[in-house]
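Chemist: One structure, pasted below without further comment.
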Amino acid sequence: MMVNTPPITSIDSALFIYYNHAELGNKEIASLFGKRSSATVARLKRLAKDEMSRREIPSYGINRVNTIVAFEVWGLDVQELEERRDKLKKLEL
């Protein structure tokens, strides 16, 4: 499923959030995508919550979404992000 997801603020930030948080709230989403309207954040969370429901994955916080599911639904491929970060490091950029 392809969704219209805002661009991430940085590869390093996205990877830090992915590996450091089991669930994402508004603060983590703002760090991931930058300042967005509350409607955009709600839409992103709703997409993740819908998929969590479909997979029967519980949430530990009513206003939080599972990080792994959210990244998948939002089209953020962690392996690709890691490869890009490694390539940037190799090129010293």
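Chemist: In whole angstrom, and with the biggest value first, how far do the Cα coordinates of the range 36-87 range along each principal axis?
Modeler: Over the range 36-87, Cα extents along the principal axes are 37, 28, 16 Å.
Chemist: A further question on this structure: Just to verify a number: FRET efficiency for ASN26 and GLU92, C-beta to C-beta distance, R0 = 30 Å, to 0.05?
Modeler: FRET efficiency, ASN26 to GLU92: 0.30.
Chemist: What number, in percent, do you get for the relative contact order of the range 11-90 if the mean sequence gap of Cα pairs under 8 Å and at least 6 apart is divided by its residue count?
Modeler: In percent, rounded to a whole number, it is 41.
Chemist: Ignoring everything except DSSP H segments at least 4 long, calculate the 222 nm mean residue ellipticity for the chain; use -39,500 (n - 2.57) per segment, divide by total residues, nearest 500.
Modeler: Per the formula, -18500 deg cm²/dmol.
Chemist: May I ask you to list the trypsin sites (Lys or Arg not before Pro) in the range 5-54 that are in a DSSP loop and have at most 14 other Cβ atoms within 10 Å of their Cβ?
Modeler: Those that pass, being in a loop and sparsely packed, are LYS35.
Chemist: While we're here: May I have the count of lysine pairs in the chain with C-alpha atoms under 19 Å apart, counting pairs 8 or more residues apart or located on different chains?
Modeler: Here the count comes out as 4.
Chemist: Can you pull the Rg over Rh of the chain, Cα-only, Kirkwood?
Modeler: For the chain, the value is 0.98.
Chemist: Cα axis of helix 78-90 to longest principal axis of the chain: angle in degrees, 0 to 90, nearest 10?
Modeler: Value to nearest ten degrees: 20.
Chemist: If one takes the longest principal axis of the Cα atoms in the chain, at what angle in degrees, from 0 to 90 and to the nearest 10, does the Cα axis of helix 11-20 lie?
Modeler: Relative to the chain, helix 11-20 is tipped by roughly 50 degrees.
Chemist: Given H placed 1.01 Å from N in the peptide plane, which residues other than close sequence neighbours of GLY34 have an amide H under 5 Å from its amide H?
Modeler: The list, which skips near neighbours in sequence, is THR9.
Chemist: Residue separation times 0.36 nm, minus the C-alpha to C-alpha distance between ARG84 and VAL3: what's the value?
Modeler: Full-extension gain reported as 27.0 nm.
Chemist: Shifting gears a bit: Only Lys, Arg, Asp and Glu count, each charged at its Cβ (+1, +1, -1, -1), so figure out the dipole size of the range 11-90 about its Cα centre, rounded to 20 debye.
Modeler: That gives a dipole near 360 debye.
Read-outs: derived from the displayed coordinates by stated rules, not from any lab. Bear in mind that the values here come from a model prediction, so they are computed numbers and not experimental data. Glycine gets a Cβ as well: all are built from the backbone with ideal geometry, and neighbour counts include every protein chain shown.
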